[in-house]
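These notes concern the structure reproduced below.
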């Protein structure tokens, strides 16, 4: 599933091709994604110019006068810039056609992605309760200490809660906890402020590094140019069950935590 770095990579890739351009045609070949694509969407955006493109959590917001198109890649979706005339394939469900002859094409084999609309001044329910962006100043140690206070929730589950902080999915939570030396099963309320400061910095560092590398390709993700991300080559823990810890050579352990696979080092992560 595309996580924050993959979504940010996609957002940065498509923005130069569509920002400032006028949407000439919306072509919906299959409206039945995770939620049906609104019937009124074409009339809201056709003939209007893209004012901005940015990411909020795992959503890409394409801003027009009057509101924003909210794009989510779901489990296996991708957004690519293609030239006019390139025929759509089976899983190419939506085309945003622009005045520069570029097409922003949504491909989604499993159809867990979404194309929704948020009117100007509206607070869409899917965005309203999202926590701060992990790379922003709002996500800091004092904030995280407050979120963890008296919580018995496992620290990994807490930092993966989008109401606490957005975009820290399974891959990057696993990596940040490994770097921090924190056992992912440990109760959030039992972790010192000093250790949480290390975790905040690790989350920021691992996400920034992944964005720089273009995300993590595990099964389905490719960037807006169709190329895979390369951060997988730098993973220390995720997906490495039974392999030697890069620090102490102890075999890495895998457990189920919050219905997710969690790999960690019993020796280094306390």
- prompt: When the chain is fully extended, how far beyond the present Cα-Cα distance does residue 194 get from residue 84, taking 0.36 nm per residue of separation?
  reply: 34.2 nm
- line: With Cα coordinates, the longest principal axis of the chain makes an angle with the long axis of helix 4-18, in degrees rounded to 10, of 20 degrees
task: Using only the alpha-carbon atoms of the chain, report the extent along each of the three principal axes, biggest first, to the nearest angstrom.
output: 58, 37, 29
- request: Run the quick spin-label model on residue 253 and residue 54: label points 7 Å from Cα toward the beta carbon, then report their separation in nm to one decimal.
  value: 4.3 nm
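Which of 200, 145, 7, 206 comes first, and how do the rest follow, when ranked by fewest Cβ neighbours within 10 Å?
Placing the least packed residue first, the sequence is 145, 200, 7, 206.
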message: Under 19 Å from a point placed 7 Å out from the Cα of residue 150 along the Cα-to-Cβ direction: which residues of the range 174-212 have their backbone N that close?
response: 187-193
message: Quick check: pseudo-label points 7 Å beyond the Cα along Cα→Cβ at residue 185 and residue 129, how many nm apart are they?
response: 2.9 nm
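Assuming 0.36 nm per residue, please report the length gained on full extension of the stretch residue 91 to residue 39 beyond their Cα-Cα distance.
16.7 nm
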statement: So, for the Cα atoms of the range 1-137, Rg and Dmax in Å stand at 14.0, 44
statement: Nearest 10, in degrees from 0 to 90: the angle of helix 170-180 to the longest Cα principal axis of the chain is 40 degrees
message: Nearest 500 deg cm²/dmol is fine: what mean residue ellipticity at 222 nm does the chain get from its DSSP H runs of n ≥ 4 alone, each adding -39,500 (n - 2.57), divided by its residue count?
response: -7500 deg cm²/dmol
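Readers should treat all values here as calculations from the given coordinates under stated rules, not as data from a laboratory. Computed from a predicted model, the values in this text were never measured in an experiment. Cβ coordinates were reconstructed from backbone atoms using ideal geometry, including for glycine residues, and neighbour counts include every protein chain displayed.
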